[in-house]
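Peer 1: Starting off with a structure, shown below.
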Amino acid sequence: MSTDYTPNAGNAPAAIPKAEIDRSFVHRLVVHYRDKGSDIYGIEFRWAVLDRPPAGIDDLVHIVFDPLSPCIFDFDESQRGKTCYFAMRWENSHGIKGPWSGIYSAIIP
C-alpha cells in the first residue's frame with residue numbers, strides 16, 4: 001500500500017470572465033467582473049497602456065491579482081486620454097488558471 005498523497009488541485013476554471021468598465025472617475029478605471037463559476041479564488045489581470053492595440057496577451061506587461069470585484073486602476077494625469085488594454089482569467093483556490101478573456105480596451109478618463 002502506498003503512502004504517497006497528492007492533494008486534489010481541482011479542475012481549471014472553465015468560465016471566461018466578462019467585464020464592465022466604469023469610466024465615471026477622472027484618472028480611474030473601475031472594472032467590474034462576473035461569470036466566475038465555482039471554486040474561484042480571484043482573477044488575474046494583464047494590462048498595459050499602449051499607443052496601439054496589442055498583438056496578444058504577452059504585450060500586456062503589467063500583472064495584478066484581485067480577489068473581489070471590482071478591480072480599480074488609477075492613472076496619472078499624463079496618461080489621461082490614452083488607451084488601457086487588459087485581459088483577465090479566473091484562478092481557483094489551488095492556483096490553477098482558466099482561459100483568458102478577450103482583450104478589452106478603455107480610454108483613461
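Peer 1: For the stretch 48-106, give me the residue count where each residue is in a strand (DSSP E or B) and either modelled with pLDDT under 95 or of a type in the set (D, E, K, R) (or both).
Peer 2: 6
Peer 1: Can you tell me which residue within the stretch 86-106, out of those that are under 18 Å from residue 18 (Cα atoms) and aliphatic (A, V, I, L, M), is surrounded by the fewest Cβ atoms within 10 Å (Cβ to Cβ)?
Peer 2: In this case the residue turns out to be 106.
Peer 1: Here's a follow-up. Do we find a residue being modelled with pLDDT of 95 or more and loosely packed, with under 12 Cβ neighbours inside 10 Å anywhere in the stretch 27-47?
Peer 2: no
Peer 1: Here is a follow-up. So which of 75, 86 is touching a residue at least 40 places away in the same chain (Cβ under 8 Å), in contact with a Cys (Cβ under 8 Å, 6 or more places away or on another chain) and under 17 Å from residue 28 (Cα atoms)?
Peer 2: When all the criteria are applied, what remains is 75.
The values are calculated or read from the model by the stated rules, or taken from the named source; none is laboratory data. Here the structure is a predicted model, which is why all the values come from computation and not from measurement. Please note: Cβ atoms are built from the backbone with ideal geometry, for glycine as well, and neighbour counts cover all protein chains shown.
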